[in-house]
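Inspection log for the structure reproduced underneath, given as structure tokens.
The values are calculated or read from the model by the stated rules, or taken from the named source; none is laboratory data. Everything numeric in this text was worked out from a predicted model, so none of it was measured. Positions of Cβ are generated from backbone atoms using ideal geometry, with glycine treated the same way; all protein chains shown enter the neighbour counts.
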Amino acid sequence: MDLSIVVPYLGLLASGFGYTVFCWLAGALGAMALGLPIALLRMSPVRWLRIPAVLYIEAIRGTPLLLIAFLIYGGGPAFGLLLEPLPAGILALALHASAYFAEIYRVGFNAVPRGHVEAAASLGMSPVATFLRVQLPEALVAVTPSMVNALVVLSKETSILSIISVPDLTYEVQKMGIETFASFESLFALAIGYWALVSVISTLGAAFERRVTFHIHAARSQ
Amino acid sequence: MTVYVSLLGVLVGVPIGILVLITGTLGTAGRLFTKIYVSYFRGVPLLVQLLVLFNFLPWIKFDISATAAAVTALGLITAAYVSEILRGTLHSIPPGQSEAAAALGYGPRATWQYILLPQVIRLSIPALFNELTLLLKSSSLISVVGIAELTRVSQNIVATTFRPVEIYLVAAGIYIVMSQILLTAGRLLERHWARR
């Protein structure tokens, strides 16, 4: 065991960690933004809007992220989508997670009591105002636990992007392992690193969850 | 190969998951073991775990085939998720049942075997099938270590035909059909047991 071999790689490891966090955040933002309209289409009363959304969700949820990444990165040029590994990876991550987020949003909207929507209408709020000020905030609070969970899962899935040569933490550590002939040690350290990262994210998520749903628990305990 | 590896992963994962669950009820040391086991396997990306295991076995001079190593990795990870699913269900079984079993002279083993496990497994079926579809998709990652499963085979075909879009779309279609079959089977089983 000679830890000094790690020193020349510290810069690369830091940059890999940066890429991992960046892919995670960018993928999550993309998925959240994309998931909302898909959820709305999925719940639309118009059948021709609903069916494509259902097909999209089922297709994405049935396909491994790795295959989506290959399809965009390897297959993209065939239909004029020539992307570098990083944007291709983030796009794949966002598409993949958007299906899961869409389902989470849908559960949230279903959890908003009808009476709240009717009350907003009777107070003279327009449908847009009702959506933005009643349905959306209530739905978001209701799904905070599932959302936090999905975000934690997503942070682990970023490691898959290393396969299409996004220089994230997994990619850099693999390279380091090959160059130093200490593959097992490097990868084991990587596993511990992800474990720590995921634990930190889960703890922060749980704290956020308690904060957002505080009023619900407070009301219940009275 | 995808089907083979996924099925073996389940066959390895479910019994280990049950063992991990039961260990968690055996005193402080057992609880700590289960906690660390579940937290590690759920906290580390599958890809990283596969790579760790593939480098760990040669490191301790233990030589098994790539497929066996992949099945081991998938099984250990599935076990962690299965034990969490079962633990969630276990909470829904009234503690009075274990107490009644103890009062009737059932030992801990008999209580698990005849009272708790049959109910827990039956109630967990929908969640377990959901986990199975996740496992099916996770198995695409073992292509990275060179096992010729669906994803790897499509990559190889792409390398010779240069038609990535068509090949990967077909592969995606196969995955989608397989997960829909699994989900439908889970729903049917759930309905079958709900009727009794």
Take segment B:85-106 and flag every residue that is surrounded by 13 or more Cβ atoms within 10 Å (Cβ to Cβ), over 27 Å from the mean Cα position of the chain (by Cα) and assigned to a loop (DSSP other than H, G, I, E, B).
B:Tyr106
In segment B:37-84, which residues are β-branched (Val, Ile, Thr), in a helix (DSSP H, G or I) and more than 10 Å from chain A (Cβ to nearest Cβ)?
B:Val38, B:Thr67, B:Val71, B:Thr72, B:Ile77, B:Thr78, B:Val82
Would you please list the contacts, defined by Cβ atoms under 6 Å and residues six or more apart or on different chains, that run from a residue in segment B:100-128 that is in contact (Cβ under 8 Å) with a residue 12 or more places away in the chain to a residue that is part of a loop (DSSP other than H, G, I, E, B) and surrounded by 14 or more Cβ atoms within 10 Å (Cβ to Cβ)?
B:Gln119/B:Ile93
Which of (1) over 25 Å from B:Leu136 (Cα atoms); (2) surrounded by fewer than 18 Cβ atoms within 10 Å (Cβ to Cβ) is the odd one out, the single condition B:Ser65 does not satisfy?
(1)
Look through segment B:130-146, keep the residues that are more than 9 Å from chain A (Cβ to nearest Cβ) and within 20 Å of B:Gly13 (Cα to Cα), and return whichever of them is surrounded by the most Cβ atoms within 10 Å (Cβ to Cβ).
B:Ile142
Quick one: which helices (runs of 4 or more DSSP H) sit completely within segment A:1-76 and have at least 3 residues that are under 30 Å from A:Phe181 (Cβ atoms)?
A:10-42, A:65-73
How do the pairs read when you match residues in segment B:160-189 that are over 17 Å from B:Ser138 (Cα atoms) with residues anywhere that are surrounded by fewer than 16 Cβ atoms within 10 Å (Cβ to Cβ) and modelled with pLDDT under 85, using Cβ under 6 Å and keeping only pairs 6 or more apart or on different chains?
B:Val165/A:Ala78; B:Gly186/B:Pro126
Looking at this structure, is B:Ile176 facing another protein chain (nearest Cβ under 9 Å), in a helix (DSSP H, G or I) and not polar (S, T, N, Q)?
yes
Residues satisfying the stated conditions in segment A:1-41, i.e. more than 19 Å from the chain's Cα centre (by Cα) and at pLDDT 90 or above
A:Leu41
Would it be correct to say that B:Arg152 is among the basic types (Lys, Arg), assigned to a helix (DSSP H, G or I) and under 15 Å from B:Asn130 (Cα atoms)?
no
